[in-house]
Amino acid sequence: MVTRYVEPHSARFIEERVEGIEQLRIPMRRNWFVLLFVGFWIVMWTFGGIVAIVQVIQHFELFLIVWLAMWALGWCFAAVTIATQIAGSEIIRVVGRDLEISVGAGKLRRRRLYRGDQVRNLRSSDPNPWGMPWRMPAMPFGMKLGAVKFDYGARTVAAAASVDEAEGAMIVDWLKARLPRGAAE
């Protein structure tokens, strides 16, 4: 009888060096339902915007001008959601003694810089504590999801929402070797 083992999975994050600085790039987990729903929604939304633009050109109405401004914001939000789902990533890096975490796609990124000497209680955690079948980077009611957590002042910061707890432990080990000693305490 031949024994077949389950092959261990490799980590989803990519260790790389950019501009002389080591960093971890974590590709966003795709939610196919969100991607299909927002893709369909943006097509219908674009059609509605085109109809409104034609109406404004034919008959100037202040209401439609205001509606088009809101339409543009909704369209941009949907486009960013699609871009993040397709090409988004989270980048974790240590710059000097500070921790930088950025989330986004391409040049459209939200960047946060934390003082390395203020990072405390760096730990891995279950990124999906409720066992939901889908993953979300943020939850309502202030619950922070992420496989890596740390205390920063009087707040807890969560990062690496697209990886599992074991990968979170690997990221914590990577960070502990690069951050000031107080981060592990």
Extension gain, Arg123 back to Val18 (0.36 nm per residue minus Cα-Cα distance, nm):
35.3 nm
Scanning the chain for helices, which whole DSSP H stretches are 18 Å or more long along the axis (Cα) and average 1.6 or more by Kyte-Doolittle?
32-58, 62-87
Run the simple label-point estimate for Glu165 and Arg30 please: 7 Å along Cα→C-beta, distance reported in nm.
2.8
Gain in length, Arg109 to Val6, computed as 0.36 nm per residue apart minus the alpha-carbon separation, to one decimal in nm?
33.4 nm
Of all alpha-carbon pairs in the chain, indicate the percentage at a distance above 20 angstrom.
63
Summed residue charge, Cβ within 9 Å of Asp98's Cβ, Lys/Arg positive, Asp/Glu negative:
0
Relative contact order for the chain, counting Cα pairs under 8 Å that sit 6 or more residues apart, in percent:
19
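Of Ser162, Ser102, how do they rank once you tally other Cβ atoms within 10 Å and put the fewest first?
Least to most surrounded, the residues fall as Ser102, Ser162.
We did not get these values from a lab; they are worked out from the coordinates using the rules stated. Keep in mind the model is a prediction, meaning the values are calculated, not measured. Methodologically, a virtual Cβ is constructed for each residue, glycine included, from the backbone with ideal geometry; neighbour enumeration extends over all protein chains shown.
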